[in-house]
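The values are calculated or read from the model by the stated rules, or taken from the named source; none is laboratory data. In this text the structure is predicted, and so the values were computed from the model without any measurement. As a convention, Cβ positions derive from the backbone with ideal geometry for all residues, glycine included, and neighbour counts pool all protein chains shown.
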Amino acid sequence: MKDNKHEEHWIEVSLLVNQELAEAVASTLSEIIPGGVVLERIVDGVFPHELDLEVGPVRVYGYLPVDNNLEERRDKVMRALFYLGRISPIPDPVFSTLKGKDWATAWQKHYRPIPLGPRLIVVPSWLENPAPERIPIFMDPGMAFGSGTHPSTQLALILLEKCLAENPSSEMIDIGCGSGILSIAAVKLGVFSVLGVDTDPDAVRIARTNAEINRVDDRTNFAQGSVPELLRNDFQLSQASLITVNIIVPILEKLFEEGLRETITPGGNIVFSGILEDQLASMLDLLTDQGIKLRNQCQQGEWIALWGSREGK
C-alpha cells in the first residue's frame, strides 16, 4: 500500500476582485506563485460574442507548494497585496489546503481545448485532440510562461497562421519564446527550423520540454538570450524571414532600441502581440519610424496583435 504520509499538499491562494483590478492582482501574484495564476469569471446566459461586454467580479487564484518556502511566499503575497491595496482596496486572500491529487484536478477542470484561427487548436496536455481536422498544440496551462489561454498569445497564434498562409517561411526566430508555444505552432504550420530565445533559463527549459511533447524538438532550438545575443551571432541564426515577439510594450520598445528590426531579413515579416488598446497609436508610430509596414492586426478585448513587414534594405 502506498504511504500517504508524504503525499504532496498545496495551498490555494484565492481572492475575488473587480474586473479593473484583476490584471494588476494577477500580475502581482504571478511573480510570487511558482505555477502562475488563473483569472476566472463565471457568467450565465451570455452568448460567446458578448463575453467582452460582461462585467463582474473576477476570481484570481493560484497554488503554493507546501515546502520550506511556504511561509516566505505567504508573507510575500500578503505584503504585495497590502501595497497594491493602498492604491485601491483589495479583499484579504483566502488560503485553503489541497492534497496533491486535488490540486491536479483543480487545475485541469478549468481548461478546455481552444480552437484558434482556421486550423489551430490549443489542447491541454492531458487531453486528446477533439478536432482531428485541426492542428493541435499540446500545452500544460498549469505552467507559467504562456500556455495559450491569454488573449495576447491567442492573437499571436491567429496572426502567425495568417502570415504563414500568405508568406511561407523556412526559418523563424521567436524572441521571448516563453513556453515555446509560438515556435511549436510555427513548425506545425510548416516552418522548417525555429530558434526560440528567452532571457529566463526556466522558460528555455520548459520550451524544450513542450517541443518534445509536441514532437517538434528536431526542428526547434531554444537558448537563453535576446536581441543583443542574436546580433552578436551567438546562435545559428541572427536574422530570419519571420520574427515573433509576444511581450509587453515597454520591453518591445526596448527590443527595438537594441536592434530588433535588424533581426528581420529585408522584406521579412514580424508578428508581435502584448499591445493594449491605448498603446496602439504609439506602436504604429514606432513601426513607421522603424520602416515596418503594417500588414494586418487583430484584437480581443483590450489586447491587440500586429503583423508587419520590413521595408527596404
Inset, instruction - Considering (1) of a type outside the set (S, T, Y); (2) at pLDDT below 95; (3) more than 18 Å from the chain's Cα centre (by Cα), say which one E258 fails and leave the rest. - result: (2)
Legend entry - Output for the range 55-78, where each listed residue is without any contact (Cβ under 8 Å) to a residue 12 or more places away in the chain and either within 26 Å of the chain's Cα centre (by Cα) or not in a helix (DSSP H, G or I) (or both): D67, N68, N69
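Can you tell me how many residues within the range 265-279 are surrounded by 13 or more Cβ atoms within 10 Å (Cβ to Cβ), modelled with pLDDT under 95 and not hydroxyl-bearing (S, T, Y)? Steps first, please.
Just the residues of the range 265-279 that are surrounded by 13 or more Cβ atoms within 10 Å (Cβ to Cβ), to begin with: 265, 268-276, 279.
Subsequent filtering for residues that are modelled with pLDDT under 95 retains 272-276, 279.
Then keep just the ones that are not hydroxyl-bearing (S, T, Y); that gives 272, 274-276, 279.
Adding up the residues that qualify gives 5.
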Inset, instruction - Of the numbered conditions (1) surrounded by 15 or more Cβ atoms within 10 Å (Cβ to Cβ); (2) assigned to a strand (DSSP E or B); (3) hydrophobic (A, V, I, L, M, F, W, C), L287 fails exactly one; give the number of that condition. - result: (2)
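Out of the residues in the range 199-217 that are part of a loop (DSSP other than H, G, I, E, B) and on the phi < 0 side of the Ramachandran plot, which is surrounded by the most Cβ atoms within 10 Å (Cβ to Cβ)? Steps first, please.
Our first condition is that a residue be part of a loop (DSSP other than H, G, I, E, B); within the range 199-217, this holds for 199-200, 214-217.
Keeping just the survivors that are on the phi < 0 side of the Ramachandran plot gives 199-200, 214, 216-217.
Working: T199: 13, D200: 15, N214: 22, V216: 20, D217: 18.
Step by step, filter the range 199-217, then rank; the result is N214.
So that you can scan it fast, the table gives a plain yes or no per residue for (1) modelled with pLDDT of 75 or more; (2) over 19 Å from D75 (Cβ atoms); (3) more than 16 Å from the chain's Cα centre (by Cα); (4) among the aromatic types (F, W, Y):
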{"residue": "K2", "(1), (2), (3), (4)": "no, yes, yes, no"}
{"residue": "E12", "(1), (2), (3), (4)": "yes, no, yes, no"}
{"residue": "L16", "(1), (2), (3), (4)": "yes, yes, yes, no"}
{"residue": "Q19", "(1), (2), (3), (4)": "yes, yes, yes, no"}
{"residue": "E23", "(1), (2), (3), (4)": "yes, yes, no, no"}
{"residue": "G35", "(1), (2), (3), (4)": "no, no, no, no"}
{"residue": "L53", "(1), (2), (3), (4)": "no, yes, yes, no"}
Inset, instruction - Only one of these is crowded, with 18+ Cβ neighbours inside 10 Å, modelled with pLDDT under 90, in the same structural domain as S226 (by TED's automatic domain parsing) and not charged (D, E, K, R): S169, S179, S183. Name it. - result: S179
Legend entry - Residue that is nearest to the chain's Cα centre (by Cα) [pool: residues in the range 88-138 that are modelled with pLDDT under 85 and part of a strand (DSSP E or B)]: P124
Inset, instruction - For E229, indicate whether it is at pLDDT 95 or above, under 21 Å from L182 (Cβ atoms), of a type in the set (D, E, K, R) and surrounded by fewer than 17 Cβ atoms within 10 Å (Cβ to Cβ). - result: yes
